[in-house]
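Undergrad: After the structure tokens below, expect a handful of questions from me.
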There are 2 protein chains.
Amino acid sequence: MHKINLAEKLALFSTHWDPKIVAELNGQHVKLVKFRGEFVWHHHEHEDELFLVVHGSFDMHFRDRVVPLREGEMLVVPRGVEHRPVADAEVSVLLFEPAATLNTGSAGGDKTIARPDWI
Amino acid sequence: MHKINLAEKLALFSTHWDPKIVAELNGQHVKLVKFRGEFVWHHHEHEDELFLVVHGSFDMHFRDRVVPLREGEMLVVPRGVEHRPVADAEVSVLLFEPAATLNTGSAGGDKTIARPDWI
């Protein structure tokens, strides 16, 4: 039981689309991730997913619209809803989602991180 | 499915020890709460609880030590562990916890918010 400093954790990695686990509670993971560029379209069959912008901004694309998100803003993407994060510049995001969640969800492919690292 | 701006939500209330629900996912609630002063000692029998400081600072007291938490820092308090938040000045905190979690946990008493409002 120790405190977690988000800035210190974010300084530990520089990769993109590569979520790192920083905490676990009630079967959920808290992850930190950096986005830059366009991710793959995907959905999660069984998991709702929360995105909270820690630093920077990005756009969450849905099939019918785009939701821009800035620092201090968050969005819940319900299970089953196709989405694709797009970041013009690097953005740091906190994720809250079930421990079983795969970053690419239904899509798979070479961006899949099967077992995210703890940092 | 709409974005949630933490600063805008925090501007909607000024009460202390009175958590407000801002999102629900996977049976968990995301809440915002303002602390000032000393809360009651309590634990949660079945729920782990995450505290993320959005603005300000506070001390989480445990029976054997104190963990100071500042903006951008978070702490998971596992189920069963007695704790008491203490804030010298007002602090705004984001909570992640199961939807069933009561703010006073095992302790009950007049600070209990049986059904937190959504904002």
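Undergrad: Which is the longest run of chain B containing none of the chymotrypsin sites (Phe, Trp or Tyr not before Pro) found in DSSP loop states (not H, G, I, E, B) with at most 15 other C-beta atoms within 10 Å?
TA: Of all site-free stretches, the longest is B:63-119.
Undergrad: So how strong a dipole does the protein assembly as shown carry about its Cα centre when Lys and Arg Cβ are +1 and Asp and Glu Cβ are -1, to the nearest 20 debye?
TA: 120 debye
Undergrad: If contacts are Cα pairs under 8 angstrom and at least 6 residues apart, what is the relative contact order of the range B:17-119 in percent?
TA: Computed value for the range B:17-119: 39 percent relative contact order.
Undergrad: A further question on this structure: For the range A:46-113, what is the charge dipole size about the Cα centre, in debye to the nearest 20, if Lys and Arg each add +1 at the Cβ and Asp and Glu each add -1 at the Cβ?
TA: 140 debye
Undergrad: What is the list of residues in the range A:83-110 whose amide nitrogen lies under 20 Å from a point 7 angstrom out from the Cα of A:His16, following Cα to Cβ?
TA: A:83-95, A:103-105, A:107-110
Undergrad: Treat each spin label as a single point 7 Å out from the Cα along the C-beta direction, and report the A:Arg70 to A:Lys111 distance in nm.
TA: Between A:Arg70 and A:Lys111, the label points sit 2.5 nm apart.
Undergrad: Can I ask one more? Using only the heavy atoms of the protein chains and a 1.4 Å probe, how would A:Ser92, A:Ser106 rank by accessible area, largest first?
TA: Ranking A:Ser92, A:Ser106 by accessible area, largest first, yields A:Ser106, A:Ser92.
Undergrad: Another question about this same structure. List the distances, in nm and shortest first, from the label point of A:Arg115 to the matching label points in every other copy, placing each point 7 Å from Cα along the Cα-to-Cβ direction.
TA: 4.6
Undergrad: Oh, and also: Mind grabbing the interface size between A and B? I mean buried accessible area, both sides, 1.4 Å probe, in Å² to the nearest hundred.
TA: For chain A against chain B, roughly 2800 Å² becomes buried.
Undergrad: Taking each label point as 7 Å beyond Cα in the direction of the beta carbon, state the distances from B:Leu12 to the same residue in the other copies, shortest first, in nm.
TA: 3.4
Undergrad: With all protein chains present, how much of the accessible area of the range A:15-119 (probe radius 1.4 Å) comes from carbon and sulfur, to the nearest whole percent?
TA: 47 percent
Undergrad: Can you tell which of A:Val33, A:Thr101, A:Val54 lies farthest toward the positive end of the dipole of the protein assembly as shown, using +1 and -1 charges on the Cβ of basic and acidic side chains (Lys, Arg; Asp, Glu)?
TA: A:Val54
Undergrad: Taking only DSSP H segments of four or more residues, each worth -39500 (n - 2.57), what value at 222 nm results for chain A once the sum is divided by all its residues, to the nearest 500 deg cm²/dmol?
TA: -1000 deg cm²/dmol
Undergrad: In the range B:25-63, what residues drop by 50 Å² or more in accessible surface going from the chain by itself to the full protein assembly, probe 1.4 Å?
TA: B:Leu25, B:Asn26, B:Gln28
Undergrad: I'd like the residues of the range A:88-102 whose 1.4 Å-probe accessible area shrinks by no less than 40 Å² going from the isolated chain to the full set of protein chains.
TA: A:Phe96
Undergrad: Quick one: pull the percentage of alpha-carbon pairs in the range B:6-98 with a separation above 19 Å.
TA: Value for the range B:6-98 (Cα pairs over 19 Å): 36 percent.
Undergrad: Something else now. Would you compute, for the Cα atoms of the protein assembly as shown, the largest minus smallest coordinate along each principal axis and list the three values in descending order, in whole Å?
TA: Taking the Cα atoms of the protein assembly as shown, the three principal extents are 51, 32, 29 Å.
Undergrad: Please give the charge dipole size of the range A:6-98, origin at the Cα centre, charges +1 on K and R Cβ atoms and -1 on D and E Cβ atoms. Round to the nearest 20 debye.
TA: Computed about the Cα centre, the dipole is about 140 debye.
Undergrad: Any idea of the accessible area per residue across chain B, 1.4 Å probe, to the nearest Å²?
TA: Each residue of chain B exposes 45 Å² on average to a 1.4 Å probe.
Undergrad: Only sites in a loop by DSSP and with at most 13 other Cβ atoms within 10 Å count here; which GluC sites (Glu not before Pro) in the range A:1-54 make the cut?
TA: Here the sparse-neighbourhood loop sites are A:Glu45.
Undergrad: Still on this model: Tell me, which longest segment in chain A has none of the trypsin sites (Lys or Arg not before Pro) that fall in DSSP loops with at most 10 further Cβ atoms within 10 Å?
TA: Between exposed loop sites, the widest span is A:1-62.
The values are calculated or read from the model by the stated rules, or taken from the named source; none is laboratory data. As the structure is a prediction and not an experimental result, all values here were calculated from the model. Backbone-built Cβ (ideal geometry, glycine too); neighbour counts: all protein chains shown. For the accessible areas, the whole protein counts, side chains as well, though only heavy atoms, and no ligand, DNA or RNA atoms are used. Shrake-Rupley method; radii C 1.70, N 1.55, O 1.52, S 1.80 Å.
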